[in-house]
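The values are calculated or read from the model by the stated rules, or taken from the named source; none is laboratory data. Keep in mind it's a predicted model, so treat the numbers as computed, not measured. Every residue, glycine among them, receives a Cβ derived from its backbone with ideal geometry; neighbour counts consider all protein chains shown. All accessible areas refer to the heavy atoms of the entire protein, side chains included, with ligands and DNA or RNA removed. Shrake-Rupley method; radii C 1.70, N 1.55, O 1.52, S 1.80 Å.
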Amino acid sequence: MENKSLWTFFKNNHDAINELTENFTQYRNSLYQKVYQLKEVFPKEEYAPKAESQWIWNGVKERKGVMALVHDYSISGKRISVDTYIGLKCWEIKVFGRNK
């Protein structure tokens, strides 16, 4: 099934759409760099010395545009994760138990 009005819109506005797409890609990539900057600003040794590990989860493909700075802890034999996500809309911190 063809959406002729949509195809016409794309045909008539391809330059603006290409520019918007390129600018959006630059915006998204600059957001993802913030996760790497966060890791540099808050080194594990100084700010999370009790964390077993600190690493960056790249969920861009799995979760469509989300990356996280992850801190894994072991507390009373339980595995706990503190993930600081950045997505296209906001920052989010999640704390949850991990099975592995």
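For region 83-100, taking the residues that are of a type in the set (A, V, I, L, M) and without any contact (Cβ under 8 Å) to a residue 24 or more places away in the chain, the one that is least open to solvent (accessible area, probe 1.4 Å) is identified as Val95. Scan region 1-34 for residues that are of a type in the set (A, V, I, L, M) and surrounded by 10 or more Cβ atoms within 10 Å (Cβ to Cβ) and the total you get is 3.
Take the residues in region 64-82 that are among the β-branched types (Val, Ile, Thr) and under 17 Å from Lys39 (Cα atoms), then tell me which one is most open to solvent (accessible area, probe 1.4 Å). Selected residue: Val82. Do we find a residue being surrounded by 16 or more Cβ atoms within 10 Å (Cβ to Cβ) and among the hydroxyl-bearing types (Ser, Thr, Tyr) anywhere in region 41-59? So far as region 41-59 goes, no, none of its residues is surrounded by 16 or more Cβ atoms within 10 Å (Cβ to Cβ) and among the hydroxyl-bearing types (Ser, Thr, Tyr). Total residues in region 37-87 satisfying the condition of being basic (Lys, Arg), at pLDDT 90 or above and over 20 Å from Asn99 (Cα atoms): the figure is 2. A Cβ distance below 8 Å, combined with a sequence gap of six or more or placement on separate chains, defines the contacts here; from region 33-48, residues that are under 14 Å from Trp91 (Cβ atoms) and touching a residue at least 24 places away in the same chain (Cβ under 8 Å) reach no residue that is assigned to a helix (DSSP H, G or I) and open to solvent by 70 Å² or more (accessible area, probe 1.4 Å).
For every residue, the table says whether it meets (1) farther than 16 Å from Trp91 by Cα; (2) touching a helix residue (DSSP H, G or I) at 6+ places or on another chain (Cβ under 9 Å).
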site: Lys11; (1), (2): yes, no
site: Glu19; (1), (2): yes, no
site: Tyr27; (1), (2): no, no
site: Trp55; (1), (2): yes, yes
site: Met67; (1), (2): no, yes
site: Asp72; (1), (2): yes, no
